[in-house]
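Every number here is computed from the coordinates shown, using simple stated rules; none is lab data. In this text, all values refer to a predicted model and were calculated from it rather than measured experimentally. Ideal geometry is used to build each Cβ from the backbone, glycine not excepted, and the neighbour counts take in all protein chains shown.
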Amino acid sequence: MKYLVLLIALSVSGVALADGGMDILQKRCVSCHDLSGPAAQSVQELWQRKGPDLFYAGSKYNAEWLEKWLVKPRRIRPAGHHSIQHIKPGDKRDMIDATTLRPHMALSPSDAEEVTEALMKLKATAEMMGTTVFKGGSISTSFGEMVFDKFNGCMACHEIEPGFGGLSGPEVYTAAKRYQADYLVSFITNPQAWNPKTPMPNKHVSAPNIQKIVQYLQALARENRDEKK
Amino acid sequence: MRKNKLFLTLFVSLLMLSSAAWPDDAEDNYKNYCWQCHGMTGDGMGLNVQDMSVQPRDHTSAKAMGGRSDADLFKVIKEGGLAIDKSVLMPPWRDSLSDDEIHDLVKYLRKLCQCS
């Protein structure tokens with residue numbers, strides 16, 4: 001009998017925990033993040049979304065990283081979620097208008113745990129994921145940089161270390177910490193399956209080179225370049 | 001009869017809303033995809049240029065743009081820089097833009113450079 005009561009209590013608290021995370025998301029996050037999909041179908045609609053879509057968060061993020069980030073958020077996209085909304089003309093080139101950037105709210109450790117648990121239940125569809133997965137393996141950062149930058153030009157929009165690379169896209173030196181490897185393979189293979197209006201082009205990188213790029217992102221993450229900022 | 005027409009219009013509109021991504025106008029597409037490298041004014045001095053090995057083309061320059069045919073511009077937007085023996089940094093946008101949207105962008109580029 002005691003065990004039955006304990007089991008019921010645990011089940012109830014488990015449900016409460018899961019509901020708590022979704023409750024927080026609905027109350028505090030939904031004004032900037034889409035939790036139910038689909039992705040924006042026009043660029044105007046895209047620009048109205050202030051933060052990344054979360055309706056497939058459980059197929060995208062690494063839970064451990066996500067929970068830590070929610071407690072201590074830091075900027076991942078140097079020019080904000082939509083760079084076009086945070087730039088101004090400069091003397092030599094367009095510059096980031098830092099006055100328009102807002103910090104992401106920080107959650108308490110317990111809220112972050114609940115929110116992460118709720119987010120990890122939001123999964124992408126099979127159409128979004130596609131059929132390709134990460135096959136493992138490793139690569140040196142020097143060879144990886146050749147594939148990433150010289151062969152495919154990805155550094156045009158992404159920083160490979162703090163202060164080096166393009167500014168319109170998210171930094172990639174922490175990408176493998178943030179994202180699941182299968183998501184990275186899938187997104188690079190077909191970005192428009194995830195977000196039809198993303199400014200990330202489908203560069204039709206060969207399947208073997210996509211594996212090498214994800215290996216490179218993992219090698220970059222192991223160097224902890226974000227901690228040397 | 002008028003009621004039926006109204007319902008039909010609403011039905012078609014709903015179908016359109018639930019279909020694949022909508023076409024966008026050239027100005028919005030230029031802003032969404034091209035600003036990041038070619039710049040807010042199209043002068044080739046976008047946010048990303050600082051560490052680029054090849055500078056993006058100045059779309060406001062009649063000299064830089066005048067030598068390119070509409071067919072070349074269409075091809076480079078659709079298939080990327082390598083398709084016309086130019087830089088890999090210019091990506092192919094065929095998965096983001098329809099042919100009609102690319103034709104509209106070519107017209108938009110002609111307005112920016114004020115050239116043909």
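Remarks
- Test for A:K88: is it surrounded by fewer than 17 Cβ atoms within 10 Å (Cβ to Cβ) and under 28 Å from A:E45 (Cα atoms): yes
- With respect to the conditions (1) within 11 Å of chain A (Cβ to nearest Cβ); (2) under 17 Å from the mean Cα position of the chain (by Cα); (3) in a loop (DSSP other than H, G, I, E, B); (4) not aliphatic (A, V, I, L, M), B:W35 lacks only one, and its number is (3).
- For B:K107, the conditions (1) more than 11 Å from chain A (Cβ to nearest Cβ); (2) surrounded by 18 or more Cβ atoms within 10 Å (Cβ to Cβ); (3) outside any loop (DSSP other than H, G, I, E, B) are fulfilled apart from (2).
- Within the range A:198-212, being surrounded by 18 or more Cβ atoms within 10 Å (Cβ to Cβ) and over 16 Å from the mean Cα position of the chain (by Cα) holds for A:P201, A:N202, A:K203, A:V205, A:I210, A:Q211, A:K212.
- Failed condition for B:S87, given (1) outside any loop (DSSP other than H, G, I, E, B); (2) within 13 Å of chain A (Cβ to nearest Cβ); (3) not charged (D, E, K, R): (1)
- Qualifying positions in the range A:74-99 - assigned to a loop (DSSP other than H, G, I, E, B), within 11 Å of chain B (Cβ to nearest Cβ) and basic (K, R): A:K92, A:R93
So that you can scan it fast, the table gives a plain yes or no per residue for (1) within 13 Å of chain A (Cβ to nearest Cβ); (2) part of a helix (DSSP H, G or I); (3) not aliphatic (A, V, I, L, M):
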| residue | (1), (2), (3) |
| --- | --- |
| B:T41 | yes, no, yes |
| B:M45 | yes, no, no |
| B:P56 | yes, no, yes |
| B:A64 | no, yes, no |
| B:R68 | no, no, yes |
| B:A71 | no, yes, no |
| B:F74 | no, yes, yes |
| B:A83 | yes, yes, no |
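- Annotation note: Cβ proximity below 7 Å between a residue of the range A:24-46 that is touching a residue at least 24 places away in the same chain (Cβ under 8 Å) and a residue that is acidic (D, E) (sequence gap 6+ or interchain) occurs for A:I24/A:D111; A:I24/A:E114; A:A39/A:D53; A:S42/B:D24; A:V43/B:D24; A:V43/B:D28.
- The range A:99-114 - residue that is within 30 Å of A:E161 (Cβ to Cβ) and surrounded by 18 or more Cβ atoms within 10 Å (Cβ to Cβ) and, of those, farthest from the chain's Cα centre (by Cα): A:L107
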